[in-house]
Structures are given as structure tokens and as C-alpha cells.
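So the structure is just underneath, and the comments pick up after that.
The values are calculated or read from the model by the stated rules, or taken from the named source; none is laboratory data. Predicted model, so just to flag it, every value in this text is computed and none were measured. Cβ sites come from the backbone with ideal geometry, for glycine too, and all protein chains shown count toward neighbours.
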Amino acid sequence: MTKKIGIGISILIAILLIGGGSYYFLNKPANVSEPKEQIEIGNNNDESVQNALIVYFSVPETNDPNKEMTTEEENSTVIIDGEVLGNTEYVAMLINEYTGADIYRIEPETPYTTNHEELVDQALEEQNNNTRPAIKSRITNFDDYEIIYLGYPIWWSDLPQIIYSFMDLYDFSGKTVIPFSTHGGSGLARTVQTIQSYLPTATIEQNAFTLSRNNMETAPEEVRNWLQEINQVR
């Protein structure tokens, strides 16, 4: 009996070591859907930024700049040059402008609703069920990038579940991940620590960026200052 227990403990330790000691790693679902589309990112000729990729997820709750928006629609969007952008999308575009990094938007295979109440309920249900929403496309040249900016809104004080889907799809070993987010009052909500636990073989930038939906007008200055702090402005 003692020998069997000892073998069992040894196997458990081996599993923990393989998984980087991460609770999240051991609880990654096995049924992650493979994206149907394969795409290659970037035609960047600037050698100084060829190794950086901005990945973001954003759900603006309307795409019509001319309508009379509800409070929820205004909270989730920014209008730039007559175009409606999601808050996180806007921050991603600014990072692209200031760094020259390539950019990729995470799109679900089945689009999220733009109805605020339904979206809130769906986000909570996905979180409670540890769902991995299917992503529309896979980046074929992901391994070419050394730096990954990872952007997301804060949903129910956590990452949106589709961000977990994205992290499940790729090998982040040896990469530097730089988180950025937008929120409605919860700041980063420990998402940096969550990413660190989920991607134990990557280096996670601890000085992550976050901006309240109430302060989006300050985004250009705030994003530039942050990128200067982490030495990423070109």
C-alpha cells in the first residue's frame, strides 16, 4: 500500500512539473475547437518591430456612429474619424500607431450579441461553465513573434473566456506577453496574475496597462506614457 501511494505521489509531482505547477494549466479543457481559417499576419518591413504582435478582443455594442446611443453602447465604444471602435480596440490601434507592431483581432466563430443585457449574461454563463468559445482563425506564423501584446475588456472581474481559448491554441514558451485592458471600474482585476499562472513558460510584463471606459479621451497620452515606461515606443 505504501509503495502504491508513493508511486501515485511521484506521478502527481511529475504532472505538476510538466504543467509548470499551474492550477490553470491542469484545468485547461481538452475540447478546444480548432479554428477553421488559417491566416498569416503582417507585412511589416521595419525590422525593429517585426517580432511584436498586438492581439486583442473587443465587443463594441454598436457599429453605427450616427445613431442615438444607449448608455451601455456609449460605455463600450469610441468614435474616431466617424468610425465606431470598441474601447479595447481603440487602445490596440494606439499601440499599433506608437510601436508599429503587427495587429490581430480575436474574432469568435459565432459573433457575440450586441445587446448589453444578453452579452452580460452570456459572459457570466461562459465563465461559470469554463467555456472555450471557438475562435474564427488561427495565426500560422505566431511562432515568429517574440512579444505579444494581449488586450481584452474585463468581464466579471476576469478575462473574457475567449482569451483563454486564444491562450490554449498557441505555445507561448519563451515569449514576452504584455497585457492591456479596458474596464468599467475593476482595474486589471488580477488578470495579470491569471495570465502568469496560465502561461508559466512565458515572461509576463507586470506593468500592464488598463484604462477606465470613463477616461477613454485620455487614451492617446496614457498609452504613449505607458509604452515609454516599458521601453516599447519606437
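Looking only at residues that are among the hydroxyl-bearing types (Ser, Thr, Tyr) and in a strand (DSSP E or B) in segment 129-174, which one is nearest to Arg213 (Cα to Cα)?
Tyr152
Please enumerate the residues belonging to segment 108-128 that are touching a strand residue (DSSP E or B) at 6+ places or on another chain (Cβ under 7 Å) and either in a loop (DSSP other than H, G, I, E, B) or not assigned by TED's automatic domain parsing to the domain that holds Glu37 (or both).
Listed by number, the list holds a single entry, Glu109.
What are the pairs with Cβ atoms under 6 angstrom where one residue, in segment 59-87, is farther than 28 Å from Gln161 by Cβ and the other, located anywhere, is assigned to a strand (DSSP E or B)? Sequence gap at least six, or different chains.
Note: pairs meeting the criteria are Pro65/Ile79; Pro65/Val84.
For segment 191-226, how many residues meet the condition of being part of a loop (DSSP other than H, G, I, E, B) and without any contact (Cβ under 8 Å) to a residue 24 or more places away in the chain?
2
The rows are residues; the columns are (1) of a type in the set (D, E, K, R); (2) touching a strand residue (DSSP E or B) at 6+ places or on another chain (Cβ under 6 Å); (3) closer than 21 Å to Asp144 by Cα; (4) assigned by TED's automatic domain parsing to the domain that holds Asn75.
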residue: Asp171; (1), (2), (3), (4): yes, no, yes, yes
residue: Gly185; (1), (2), (3), (4): no, no, no, yes
residue: Gln193; (1), (2), (3), (4): no, no, no, yes
residue: Arg224; (1), (2), (3), (4): yes, no, no, yes
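Is it the case that segment 164-174 has a residue that's modelled with pLDDT of 95 or more, touching an Asp or Glu at 6+ places or on another chain (Cβ under 6 Å) and not aromatic (Phe, Trp, Tyr)?
Among the residues of segment 164-174, not one is modelled with pLDDT of 95 or more, touching an Asp or Glu at 6+ places or on another chain (Cβ under 6 Å) and not aromatic (Phe, Trp, Tyr), which makes the answer no.
Of these, Gly151, Gly185, Gly174, which one is under 23 Å from Glu126 (Cβ atoms), more than 17 Å from the chain's Cα centre (by Cα) and not hydroxyl-bearing (Ser, Thr, Tyr)?
When all the criteria are applied, what remains is Gly185.
Out of Val84, Val91, report the one residue that is among the β-branched types (Val, Ile, Thr) and part of a helix (DSSP H, G or I).
Sole residue among the options that is among the β-branched types (Val, Ile, Thr) and part of a helix (DSSP H, G or I): Val91.
Consider Tyr98 carefully, then state whether it is of a type in the set (Ser, Thr, Tyr), under 21 Å from Asn225 (Cα atoms) and more than 14 Å from the chain's Cα centre (by Cα).
So Tyr98 passes the test.
Hey, among the residues in segment 93-107 that are in contact with a strand residue (DSSP E or B) (Cβ under 9 Å, 6 or more places away or on another chain) and of a type in the set (A, V, I, L, M, F, W, C), which one's nearest to Glu83 (Cα to Cα)?
Met93
Checking Thr131 against (1) more than 18 Å from His183 (Cα to Cα); (2) in contact with a strand residue (DSSP E or B) (Cβ under 8 Å, 6 or more places away or on another chain); (3) touching a residue at least 24 places away in the same chain (Cβ under 8 Å); (4) surrounded by fewer than 18 Cβ atoms within 10 Å (Cβ to Cβ), which test does it fail?
(2)
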